[in-house]
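Heads up: the structure comes next, in structure tokens.
The values are calculated or read from the model by the stated rules, or taken from the named source; none is laboratory data. Everything numeric here is computed off the predicted structure, so don't read it as measured data. Quick reminder, even Gly has a Cβ in these numbers, built from the backbone with ideal geometry, and neighbours come from all protein chains shown.
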């Protein structure tokens, strides 16, 4: 996922939306897709090209869960923490993931393979509990299925 | 060579989350088979549910995983052969045929990205009626239908549209709130994945009625598959001349952009959504001014939920009266209820208002997945009150729920069995509010953090009596003093848990 920051490409990511400040959230998505996170360098360049202050861009970055400011692991494993999944054992599933990976929520494994994150509803509530690996959703996930997914991430 | 057999395999998040892509891929490798990726019928407990077209019938099999395909082939499933996973004709599945499908009638039936299929199933008939009869007719018809906002607040749609139509200004906007963040809800997603062209048609009609030429769909980023389907649907509609300048020679211009949310729950609140659409942090706005007067970029703006807009085309095609004939009292029409959590037969059930919670959970849902007794039910998302098993005979209409201090909201129903710890659920309500508060008003921002602490002290029996008084006082402050529903309704699950399940707080 990690790609080296490149000013010309970053500029393209900004300009594809016409360098309009109202597209800031969409621009930030494009950066996360490419670089995995929003770096200080990115904030500086986005602010300059959208004619916003760095504080304004930082305010938006820090408001939204999707815009992390540090490089995540190779894969991102999100476990739904909302009510429907709680009713089907997501708390136990979360503890299992934390002990298997040896990290707490928001942590990244020491080998850099997996970042564990909470998510509040994936809209797969009839097939709870639900998890997401990168941008793929899985339903009716028990500990065995989760172990399989974690293994795939480690490969 | 025989004609290829058509097999439907849903491209819908629930089905895909259980392996539908792999099933579709494997079946497409068989000889003389044409795989069509449809939406889901809503019987999520049967997903991935595939259907084989035999003559006039569609024979369903489910839940099918990739490992079942070989044995299905051995059982000659392409000719409807017997197999342990054979369900029978889709039109005979009780979960489906006992529904009253209005907004979701095409969902599962058609190929969502085929304009031909859409047109063959009354697609754009509502828009054509609108073009023929004019904006005034549309406004009157939507008002007469009694349609209310399906996002949760239940505001009359026709009145909202009339306000925007009457507002001064050249530039107006239609925004579709597809930030479906309530746990236990997925009907917006199902509609967008299963019948996206209907949403597009509903938005064009709204634009035509109020005089707006631009629409935005604010879609939550947790729905990547939905994003792909919607993006393609916009292209399909544009290519066929049903979106863009001078739609079908009507002289009416309308186009739609998709904006992704970024993982914030509060952006489902309409003014926070507008801020986010403008590229800013999703901090809520004071009301008034209403978005209908001063909304996106300060212009008059319709903010409607996906299901609301999706219900519009058929109302214009069939007539307002037909829609209003469904339902009870001031809760007209149908609602897509969503059965979730600890439920045996989870999925989407579109029914007229007025059936009871028990009918939904027991008759459609078959009780809990665990087989244990139902202890608590949360209706209407994380801001909805918890109900006890004694309240299951409450009829599902806006007013009846309001009378017992609950809300139907977006129609999500999350079932818990008797292993649930209601003190933990009450704590979670406050914790969630603390994580998701936009931070603008103090009762929500600080109250939620204090709420978690006070509940912890109560559970630890630390000065329990005094802390109970404090918690109730805090809840009332949040209800009365918060700017929006986030802080203003978080106390409802907390207080209902306290009132109905006090024993869980004194363990």
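One line per residue, one yes/no per condition, for (1) assigned to a loop (DSSP other than H, G, I, E, B); (2) within 30 Å of residue A:126 (Cβ to Cβ):
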| position | (1), (2) |
| --- | --- |
| B:279 | yes, no |
| B:286 | yes, no |
| B:289 | yes, no |
| B:293 | yes, no |
| B:307 | no, yes |
| B:335 | no, yes |
| B:344 | yes, yes |
| B:351 | no, yes |
| B:354 | yes, yes |
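Restricting attention to the range B:473-487, does a residue exist that is within 14 Å of chain A (Cβ to nearest Cβ) and within 28 Å of the chain's Cα centre (by Cα)? Yes, the range B:473-487 has at least one match. Take the residues in the range B:253-262 that are surrounded by 21 or more Cβ atoms within 10 Å (Cβ to Cβ) and not in a strand (DSSP E or B), then tell me which one is farthest from the other protein chains (Cβ to nearest Cβ). The qualifying residue farthest from the other protein chains (Cβ to nearest Cβ) is B:261.
Against the list (1) on the phi > 0 side of the Ramachandran plot; (2) modelled with pLDDT of 95 or more, the condition residue B:152 fails is (2).
Candidates B:365, B:411: the one that is at pLDDT 95 or above, closer than 19 Å to residue B:94 by Cβ and in contact with a strand residue (DSSP E or B) (Cβ under 6 Å, 6 or more places away or on another chain) is B:365. For the range A:1-35, residues that are assigned to a loop (DSSP other than H, G, I, E, B) and in contact with a strand residue (DSSP E or B) (Cβ under 9 Å, 6 or more places away or on another chain) total 1. I'd like the full set of residues that are assigned to a loop (DSSP other than H, G, I, E, B) and away from chain B (no Cβ under 14 Å), limited to the range A:68-89. Of everything in the range A:68-89, those that are assigned to a loop (DSSP other than H, G, I, E, B) and away from chain B (no Cβ under 14 Å) turn out to be A:70, A:71, A:73, A:74. Taking residue B:315, is it part of a helix (DSSP H, G or I), in contact with a helix residue (DSSP H, G or I) (Cβ under 6 Å, 6 or more places away or on another chain) and modelled with pLDDT of 95 or more? Yes. Within the range A:90-105, being within 13 Å of chain B (Cβ to nearest Cβ), in contact with a helix residue (DSSP H, G or I) (Cβ under 9 Å, 6 or more places away or on another chain) and crowded, with 19+ Cβ neighbours inside 10 Å holds for one residue alone: A:90. Filtered by the rule that a residue be under 16 Å from residue B:49 (Cβ atoms) and out of contact with any helix residue (DSSP H, G or I) (no Cβ under 7 Å at 6 or more places or on another chain), the range B:97-144 gives B:99, B:109. Here the condition is being in contact with a helix residue (DSSP H, G or I) (Cβ under 8 Å, 6 or more places away or on another chain), farther than 30 Å from residue B:133 by Cα and not assigned by TED's automatic domain parsing to the domain that holds residue B:119; of B:283, B:374, it holds for B:374 alone.
Step by step: first the residues of the range A:106-128, then only those that are part of a loop (DSSP other than H, G, I, E, B) and more than 10 Å from chain B (Cβ to nearest Cβ), then the one that is nearest to residue B:181 (Cα to Cα). Which residue is that? Of everything passing the filter in the range A:106-128, A:106 is nearest to residue B:181 (Cα to Cα).
Note on the range B:402-418: residues that are more than 9 Å from chain A (Cβ to nearest Cβ) and either surrounded by fewer than 24 Cβ atoms within 10 Å (Cβ to Cβ) or on the phi > 0 side of the Ramachandran plot (or both) total 9.
When the test is whether a residue is at pLDDT 95 or above, crowded, with 20+ Cβ neighbours inside 10 Å and either over 28 Å from residue B:196 (Cβ atoms) or under 24 Å from the mean Cα position of the chain (by Cα) (or both), residue B:86 does not pass it. Within the range A:133-151, being outside any loop (DSSP other than H, G, I, E, B), within 14 Å of chain B (Cβ to nearest Cβ) and surrounded by fewer than 21 Cβ atoms within 10 Å (Cβ to Cβ) holds for A:133, A:136, A:145, A:148, A:149.
Just one residue in the set B:25, B:51, B:82 is free of Cβ contacts under 8 Å to residues at least 60 places away in the same chain, away from chain A (no Cβ under 14 Å) and part of a loop (DSSP other than H, G, I, E, B); that residue is B:82.
Annotation: residue B:449 fulfils all but one of (1) at pLDDT below 95; (2) more than 16 Å from residue B:183 (Cβ to Cβ); the unmet one is (1). Is there a residue in the range B:429-441 that is within 14 Å of another protein chain (Cβ to nearest Cβ), in contact (Cβ under 8 Å) with a residue 24 or more places away in the chain and over 24 Å from the mean Cα position of the chain (by Cα)? Checked the range B:429-441: at least one residue is within 14 Å of another protein chain (Cβ to nearest Cβ), in contact (Cβ under 8 Å) with a residue 24 or more places away in the chain and over 24 Å from the mean Cα position of the chain (by Cα).
Each row is one residue, and each column tells you yes or no for (1) touching a strand residue (DSSP E or B) at 6+ places or on another chain (Cβ under 9 Å); (2) in contact (Cβ under 8 Å) with a residue 40 or more places away in the chain; (3) part of a loop (DSSP other than H, G, I, E, B).
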site: B:181; (1), (2), (3): no, yes, yes
site: B:189; (1), (2), (3): yes, yes, no
site: B:205; (1), (2), (3): no, yes, no
site: B:222; (1), (2), (3): yes, yes, yes
site: B:229; (1), (2), (3): no, yes, no
site: B:234; (1), (2), (3): yes, no, no
site: B:238; (1), (2), (3): yes, no, no
site: B:251; (1), (2), (3): no, no, yes
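Given the criteria in contact with a strand residue (DSSP E or B) (Cβ under 9 Å, 6 or more places away or on another chain), in contact (Cβ under 8 Å) with a residue 60 or more places away in the chain, surrounded by fewer than 24 Cβ atoms within 10 Å (Cβ to Cβ) and within 14 Å of another protein chain (Cβ to nearest Cβ), does residue B:216 qualify? Here the answer is yes, as residue B:216 does meet what is asked. Check whether at least one residue in the range B:245-252 is over 17 Å from the mean Cα position of the chain (by Cα) and over 19 Å from residue B:210 (Cβ atoms), and report yes or no. Checking the range B:245-252: at least one residue is over 17 Å from the mean Cα position of the chain (by Cα) and over 19 Å from residue B:210 (Cβ atoms). In the range A:52-85, the residue that is nearest to the chain's Cα centre (by Cα) out of those that are under 30 Å from residue B:367 (Cβ atoms) and in contact (Cβ under 8 Å) with a residue 12 or more places away in the chain is A:78.
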